[in-house]
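Asks: I am attaching a structure below and will ask some questions about it afterwards.
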Amino acid sequence: MSRKYKVLFLCRDNSIRSIIAEALLHELAGHRFDAFSAGPEPAARVHPLAVAQLRPGISGRAALSPKSWLEFTGEWAPRMDIVIALDEFVGGLHAPVFPGAPAFVYWTIADPLASGHGSGDEHARLFDKTFWQIVRQVSALIELPQYAQSASNHANHANIADAANAINTGNSVNAANAASGGAKPVRGTAVHFETAAIASAPSSAAACT
C-alpha cells in the first residue's frame, strides 16, 4: 500500500486555524494525507466557534484536541513530509526541529480573535472568513500535481515547499493553477462546511483570494 503524505499544521495555541486545517485535510483527502496539528502554547480545548464551523460535515471531531508541537519532535514521533505554519509566531526560527527534515511552508491566515473585541456576530463572521480561507488553501494543496503520486515517490522537499508556499492568501497566488494550466476557485457560500458542497465543486478548484 502506498505511503500517505504526513502534514503538520502549526499555529500558536492550536485551537482554531491549525485544528480546522487538520480536520479539513483529513476529511477531504484522508486517503492520501495523514493530517496533524500542534502549537507552542496549546489551549485547553478547541475553540467553540471552530467546533461550530466543523460540526455539519466533519467526522471524528471528538478526536481533535490542542497539542504541543514538542509531541512531534521526539524519536518516535511521526516523520512529517510538510510542516505548514499558519501564523508568524510559529514560523521558521521559532519552530523546533522536526525529525525527517520536512518541507517548511508558510500560509497567511488571519487569527479571527486578533482584534480582541467585537460582538458575537462579528466573531462568527470572522471565524467564517477564516474557515473558507483554509478551505481554499487546503483544496489547493490537495490539487498540486506532485501529490497525485505516492509519498514514497514524491518530489524533493524544496520543490514541495516552493509550490505549497505559493498557496498563500497574502499574495493571492494560485499554485495549482500555475502547475496545471487552469483552475477555478473553491468558493464558500454556506455558513458552515458541508462535505458534499466541497465535493461538488470543480475538481481543479484551487484559488486563494
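Each value in this text was obtained by applying a stated rule to the coordinates, not by laboratory testing. Since this is a predicted model, take the numbers as computed values, not measurements. Positions of Cβ are generated from backbone atoms using ideal geometry, with glycine treated the same way; all protein chains shown enter the neighbour counts.
Asks: Could you sort the peptides 119-131, 35-47 by per-residue average Cβ neighbour count (10 Å cutoff), highest mean leading?
Replies: Descending mean neighbour count gives 35-47, 119-131.
Asks: Order by neighbour count: 98, 33, 89, 9, fewest other Cβ atoms within 10 Å first, most last.
Replies: 89, 98, 33, 9
Asks: If you put +1 on each Lys and Arg Cβ and -1 on each Asp and Glu Cβ, how big is the dipole of the stretch 1-131 around its Cα centre, in Debye rounded to 20?
Replies: Here the stretch 1-131 has a charge dipole of around 400 debye.
Asks: Counting other beta carbons within 10 Å of each Cβ, put 70, 144, 25 in order, fewest first.
Replies: So the residues, fewest neighbours to most, are 70, 144, 25.
Asks: Rank 46, 31, 114 by how far each Cα sits towards the positive end of the charge dipole of the stretch 1-132 (+1 on Lys, Arg Cβ; -1 on Asp, Glu Cβ) and give me just the farthest.
Replies: 31
Asks: How charged is the neighbourhood of residue 102? Take every other residue with its Cβ under 12 Å from the Cβ of residue 102, and add Lys/Arg as +1 and Asp/Glu as -1.
Replies: In short, +1.
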